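**Q** Take a look at this one; I'll ask things after.
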Amino acid sequence: MNFELTSEQRMIRDLAREFTEKEILPVAARFDREDKFPHEIHRKALELGLLHLTVPTAYGGGGLGVFELALVTEQLAWGCCGIGGAIGLNTVAADALTVAGTEAQKQKYLTRLTRGEFGCYAATEPGAGSDVAGLQTRAERRGDKYVINGTKIWISNATVSNFAVVFAKTDPAAGHRGLTTFLVDFDLPGVAVGKKLEKLGQRASPAAELNLVDVEVPATQILGEEGGGFLVAMKVFDRSRPMIAASAVGLIQRCLDESLLYATERKTMGRPILEHQAIGHKIADMAIRLEAARLLTYQAAWLLDAGQRNTTQAAYAKAFAADSATWAASEAVQVFGGMGYSTEFPVEKLYRDAKVLQIYEGTSEIQRNIIVRELSTAKGR
Ligand SMILES: Cc1cc2nc3c(=O)[nH]c(=O)nc-3n(C[C@H](O)[C@H](O)[C@H](O)COP(=O)(O)OP(=O)(O)OC[C@H]3O[C@@H](n4cnc5c(N)ncnc54)[C@H](O)[C@@H]3O)c2cc1C
């Protein structure tokens, strides 16, 4: 075993930290308040090589692993989960291309992403989120084309995207085997992005509806195989869940840093509140959960990069890190007392930003379902 980062890993982590302190930290509260997309920050991060880390260099990416992606994601999220999400979310569309794309698709779409375009990932619908097999968007084959009809909801970055990875049913009677993934360009007739959805936190990262009405795409736009969409989604989750867990780790670290500083300075009954055991222990518990969440995240990412199956570990990491982030943010507000409830201090934003970590890329309940399924399958072997 070796828990040391390599010098290259330390370098990229430190670069991300420096970037976050300079470009994200000073503006995070304003972007949240104004509900603004961070285009300029995206451009700078792109130029610096902090984005598309897992895309092969042949398509303009960093050619690195999910582990390095986790290191960078953690730092960006320490500054702001919303901005980190907004500028980093292309990774999920890129993941779908990585696990299922043909050479021509990768050449075309990954290159567009690394040149600065945005791509979104459109699975969720008003009637089905956790229930991926229950999606209703329909893709009907007509000759060598497919006609797609349906409505997607909560699609992150849809408002700034140039294309989407869309999940649609090609055979509604076949359950999860009837699901197919398509690459859909936004300049096609029938594609319409709805209004930005108003939300609790991570407000610099927009989410919107995506409506598809008689959208015609050639069969060459299928990502993977017809009927292979469910498998694409599951493979993407193995890559994206460690990334979301890393976001949660960054947020927990920020809760700890802010709480420690405040508890050292704020005095009650003649001493810093850190010296009151009830507050000191909250901070100790934050540090314990932070360390455990980080190790689980690194393990899930490392397994994937080592070519091993990481489904269970990705679920451990996502569930534990997201649940711990929500818990830590609530405790951080408590450490700050009344000031924790004020928009003048960063912890109220951490509290709002944390919650969705337990919801997207599979809820905390779904992660536990996966863990039970994987444990019981392993036991039966
Ligand atoms: C800010 C934001 C950004 C998002 N970005 C994207 C995106 O870019 N692309 C995309 O496709 N989706 C995106 N989503 C959607 C997200 O992935 C879904 O909201 C999530 O998967 C949950 O689905 P749902 O909302 O339909 O809830 P439901 O599936 O209806 O679940 C409701 C509740 O029931 C629980 N539940 C459901 N089924 C089970 C079960 N079998 N066992 C136990 N509990 C269960 C859930 O855990 C949850 O607590 C985003 C959501 C948000 C809020």
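**Q** Being touching a Lys or Arg at 6+ places or on another chain (Cβ under 8 Å) and either outside any helix (DSSP H, G or I) or not acidic (Asp, Glu) (or both): is that true of residue 327 here?
**A** Answer is yes for this residue.
**Q** Please indicate, with yes or no, whether at least one residue in region 159-169 is part of a helix (DSSP H, G or I), more than 9 Å from the ligand (Cβ to nearest atom) and out of contact with any strand residue (DSSP E or B) (no Cβ under 7 Å at 6 or more places or on another chain). I'd like the intermediate steps shown before the answer.
**A** Keep residues of region 159-169 that are part of a helix (DSSP H, G or I), which gives 159-160.
So of that shortlist, the ones also more than 9 Å from the ligand (Cβ to nearest atom) come out as 159-160.
Among the residues that remain, those that are also out of contact with any strand residue (DSSP E or B) (no Cβ under 7 Å at 6 or more places or on another chain) are: 160.
Scanning region 159-169, I find at least one residue that is part of a helix (DSSP H, G or I), more than 9 Å from the ligand (Cβ to nearest atom) and out of contact with any strand residue (DSSP E or B) (no Cβ under 7 Å at 6 or more places or on another chain), so the answer is yes.
**Q** Need the failing condition index for residue 173 against (1) modelled with pLDDT under 95; (2) in a strand (DSSP E or B), just the number.
**A** Condition not satisfied by residue 173: (2).
**Q** Contact list please: Cβ distance under 7 Å, first residue in region 125-139 and in contact (Cβ under 8 Å) with a residue 24 or more places away in the chain, second residue among the polar types (S, T, N, Q) and near the ligand (Cβ under 9 Å from one of its atoms), pairs at least six apart or on different chains.
**A** The qualifying pairs are 130/363.
**Q** Here is a follow-up. Looking at 309, 352 in this structure, which one is touching a helix residue (DSSP H, G or I) at 6+ places or on another chain (Cβ under 9 Å) and more than 29 Å from residue 260 (Cβ to Cβ)? Before you say what the answer is, go through the steps one by one.
**A** Working: 352 fails: more than 29 Å from residue 260 (Cβ to Cβ).
Criteria check complete, one pass: 309.
**Q** Just one of (1) near the ligand (Cβ under 8 Å from one of its atoms); (2) buried (at least 20 other Cβ atoms within 10 Å of the Cβ) trips up residue 359, so point out which.
**A** With respect to (1) near the ligand (Cβ under 8 Å from one of its atoms); (2) buried (at least 20 other Cβ atoms within 10 Å of the Cβ), residue 359 is out only on (2).
**Q** Then there is this: Identify the single condition in (1) within 15 Å of the ligand (Cβ to nearest atom); (2) without any contact (Cβ under 8 Å) to a residue 12 or more places away in the chain that residue 364 does not satisfy, given that it satisfies every other one.
**A** Residue 364 satisfies all of (1) within 15 Å of the ligand (Cβ to nearest atom); (2) without any contact (Cβ under 8 Å) to a residue 12 or more places away in the chain except (2).
**Q** Could you go through region 61-69 and let me know if any residue there is free of Cβ contacts under 8 Å to residues at least 12 places away in the same chain, touching a Leu at 6+ places or on another chain (Cβ under 9 Å) and farther than 17 Å from residue 160 by Cβ.
**A** Yes, region 61-69 contains at least one residue that is free of Cβ contacts under 8 Å to residues at least 12 places away in the same chain, touching a Leu at 6+ places or on another chain (Cβ under 9 Å) and farther than 17 Å from residue 160 by Cβ.
**Q** Of the residues in region 354-381, how many are over 18 Å from residue 92 (Cβ atoms), in a helix (DSSP H, G or I) and not hydrophobic (A, V, I, L, M, F, W, C)?
**A** 11
**Q** Write out, first by first residue and then by second, each pair whose Cβ atoms fall under 8 Å of each other, whose residues are 6+ apart or on separate chains, and whose first residue, in region 144-156, is assigned by TED's automatic domain parsing to the domain that holds residue 199 and farther than 26 Å from residue 199 by Cβ while the second is more than 16 Å from the ligand (Cβ to nearest atom) and hydroxyl-bearing (Ser, Thr, Tyr).
**A** 146/170
**Q** Residues that are at pLDDT 95 or above, surrounded by fewer than 18 Cβ atoms within 10 Å (Cβ to Cβ) and within 16 Å of the ligand (Cβ to nearest atom): list the helices (runs of 4 or more DSSP H) wholly contained in region 64-150 that include at least 2 such residues. Break it down into steps so the answer makes sense when it comes.
**A** Values: elements: 66-79, 81-88, 90-100, 111-114.
Result: empty, no element qualifies.
**Q** What is the number of the single condition among (1) out of contact with any Pro (no Cβ under 8 Å at 6 or more places or on another chain); (2) surrounded by fewer than 18 Cβ atoms within 10 Å (Cβ to Cβ); (3) touching a residue at least 24 places away in the same chain (Cβ under 8 Å) that residue 169 does not meet?
**A** Evaluating residue 169 over (1) out of contact with any Pro (no Cβ under 8 Å at 6 or more places or on another chain); (2) surrounded by fewer than 18 Cβ atoms within 10 Å (Cβ to Cβ); (3) touching a residue at least 24 places away in the same chain (Cβ under 8 Å) leaves (2) as the failure.
**Q** Related question: Which of the residues spanning region 200-218 are touching a Lys or Arg at 6+ places or on another chain (Cβ under 7 Å) and either modelled with pLDDT under 95 or more than 10 Å from the ligand (Cβ to nearest atom) (or both)?
**A** Hits for region 200-218 are 204, 209, 216, 217, 218.
**Q** I would also like to ask the following. On the basis of being in a loop (DSSP other than H, G, I, E, B), surrounded by fewer than 24 Cβ atoms within 10 Å (Cβ to Cβ) and not aromatic (Phe, Trp, Tyr), does residue 280 make the cut? Spell out how you get there, then give the answer.
**A** Details: in a loop (DSSP other than H, G, I, E, B): no; surrounded by fewer than 24 Cβ atoms within 10 Å (Cβ to Cβ): yes; not aromatic (Phe, Trp, Tyr): yes.
No.
The values are calculated or read from the model by the stated rules, or taken from the named source; none is laboratory data. This structure is a prediction, so every number in the text was calculated from the model and none was measured. Because the Cβ atoms are built from the backbone with ideal geometry, glycine has one as well, and the counts that use them run over all protein chains shown.
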